Amino acid sequence: MSDRSTIEWTDATWNPVRGCTKISPGCTHCYAETFAERFRGVPGHPYEQGFDLRLVPEKLAEPLRWHTPKMVFVNSMSDLFHEDVPDDYILAVVRVMQLANWHTYQVLTKRSERMRDLLQTKLKLAADQPHIWWGVSVENRKHGLSRIDHLCAAPARIRFLSIEPLLEDLGPINLEGISWVIAGGESGAGARPMKKGWVLAIRDQCYKAGVPFFFKQWGGVRKKQAGRKIDGKTYDEFLSRVEQPVMETRRRLAAIAKITTLYPSPSTESEPDLFSAQR
Ligand code: SF4
């Protein structure tokens, strides 16, 4: 969507898919839905179709156009592993991440079973890439803890958790093989409250396991006032990124042209296999 982001833990957002459907209590006040629905019916607006899911092939090559390395949140306005996104399209998104490897990508999902299954099969080659971080959202015990198990079962090299909006005490969390944890409370109108003890329990488990901990916010209706300090301390721990050279301009333009040819806008009817096309 943008080469800048106000999200505290990323630099840019990239939305080759727009729109989604709700799957668990963490989705109740989905910011992406609220944003997208504001523009439903506005002719020519990227969210003219509101939050209805659609593929956006004209956005596929975007990271190849950014020649400064960035931390990129993939599909901040959707869920890459949503059941209505074809496997071949997911492969194309991942292929772009492999090509534009001077960026670091944060792929976050609530559809953790599909992500696990694809990382074990069609996405196996990408699973091991150090510049692609695979994460799951965790909001409560019932829906969130099983997602951690699915993530751990995936052969991902870098795994992370986004524990927000935190809706209850999670109890013991399996942090084995987890490289980074983000936590935070819900913000905005109708925000559900988060107790300090729930956050401390996560922070302490991260410390014990040696996992970097990033505390995004307390949230609430006045999130700026509530801030993001825990007992006067800001937790901004991050995982270090790998540095890889930016592709030379001529090759970059050729890659953009190839992707644009394989996925012309706006047709998404035939979905070529980009992996085979590259061989
Ligand atoms: S999965 Fe994410 S994008 Fe989709 S509805 Fe839930 S919160 Fe919104």
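Residues in segment 9-28, backbone N under 18 Å from the label point at LEU239 (7 Å along the Cα-to-beta-carbon vector): list them, ranges by number please.
Answer for this model: 9-14.
Counting alpha carbon pairs within less than 8 Å and at least 6 residues apart, what relative contact order, in whole percent, applies to segment 1-69?
Relative contact order, segment 1-69: 32 percent.
With a 1.4 Å probe and every protein chain left in place, work out the accessible area per residue of segment 123-230 in Å², rounded to a whole number.
Working: 4580 Å² over 108 residues.
Ligands and nucleic acids excluded, the result is 42 Å² per residue.
Would you tally the net charge around ARG241, using a Cβ to Cβ cut-off of less than 11 Å, leaving ARG241 out, and scoring K and R as +1, D and E as -1? Walk me through the numbers on the way to the answer.
On the way: positive: LYS70; negative: ASP11, GLU243.
So the surrounding residues net to -1.
Suppose only helical runs count, i.e. DSSP H with n ≥ 4. What mean residue ellipticity at 222 nm does that imply for the chain under -39500 (n - 2.57) per run, divided by all residues and rounded to the nearest 500 deg cm²/dmol? Write down the numbers at each step before the final one.
Details: 10 runs with 87 residues, N = 279.
So the helix-based figure for the chain works out to -8500 deg cm²/dmol.
Would you mind counting up the charge near HIS29? Only other residues with Cβ under 13 Å from its Cβ, with Lys and Arg at +1 and Asp and Glu at -1. Can you show the working numbers first?
Values: positive: LYS22, ARG192, LYS223; negative: GLU33, GLU37, GLU139, GLU164, GLU186.
Charge balance near HIS29 sits at -2.
Pop out the carbon and sulfur fraction of the accessible area of the chain as a percent, whole number, probe 1.4 Å.
Details: 6530 of 12750 Å².
Roughly 51 percent, rounded to a whole number.
Count the net charge of all other residues whose Cβ sits under 9 Å from the Cβ of PHE214, scoring Lys and Arg as +1 and Asp and Glu as -1. The partial results should precede the final answer.
On the way: positive: LYS216; negative: GLU8, ASP236, GLU237.
Counting the neighbours of PHE214, the net charge comes to -2.
With a probe of 1.4 Å, find how much accessible area segment 17-69 has per residue, and write the answer as a whole number in Å².
Working: 2660 Å² over 53 residues.
Value returned for segment 17-69: 50 Å² of accessible area per residue.
The values are calculated or read from the model by the stated rules, or taken from the named source; none is laboratory data. All values reported here derive from a predicted model rather than from experimental measurement. All Cβ positions, even for glycine, are placed from backbone atoms using ideal geometry, and neighbour counts span all protein chains on display. Surface areas here come from the heavy atoms of the whole protein model, side chains and all, with no ligands, DNA or RNA. Shrake-Rupley method; radii C 1.70, N 1.55, O 1.52, S 1.80 Å.
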